[in-house]
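The values are calculated or read from the model by the stated rules, or taken from the named source; none is laboratory data. Just so you know, these numbers come straight off a predicted model, no measurement behind them. In this analysis, Cβ positions are derived from the backbone assuming ideal geometry, glycine residues included, and neighbour counts consider all displayed protein chains.
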Amino acid sequence: MVSRVMKGLGGVFEGLLAIPFFGGLFILLSGYSPLWFMLVFHIVGLLLAVASNRGKAGHIFGIATSVIGWIPFLGWLFHVITAIILLIEAAVDR
């Protein structure tokens, strides 16, 4: 249950960061701290997913996204992909 909620929240957060221009502006104006927050968020989410034997792909993509999120177009693409994966995993994870 906790893993599913983390995936849903992570999907929403990643989706917000994927909004063209505004997501990038938020990251830049915040001194890249949203990427650090999401890195910790995805590490905790991955640990919870492992402990509850749930899907891990979304959080693994999230960790990769947090690491390369500072690259303009590639970061946006990874935020979109990660948001989709996390939301799908949250919907089908029982």
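Note on segment 31-54: among residues that are modelled with pLDDT under 95 and of a type in the set (S, T, N, Q), the one that is surrounded by the fewest Cβ atoms within 10 Å (Cβ to Cβ) is N53. Here is the figure for segment 62-94: residues that are buried (at least 22 other Cβ atoms within 10 Å of the Cβ) and without any contact (Cβ under 8 Å) to a residue 24 or more places away in the chain total 1. In segment 32-55, the residues that are without any contact (Cβ under 8 Å) to a residue 24 or more places away in the chain and farther than 30 Å from F22 by Cα reach residues that are surrounded by 13 or more Cβ atoms within 10 Å (Cβ to Cβ) and charged (D, E, K, R) with C-beta atoms within less than 8 angstrom, at least six apart or across chains, in these pairs: V50/K56. Within segment 21-43, being under 19 Å from V80 (Cβ atoms) and of a type in the set (V, I, T) holds for one residue alone: I27.
Restricting to segment 1-27, and then to whatever is over 17 Å from F78 (Cα atoms) and of a type in the set (A, V, I, L, M, F, W, C), can you tell me which residue is surrounded by the most Cβ atoms within 10 Å (Cβ to Cβ)? Applying the filter and picking the extreme gives M6.
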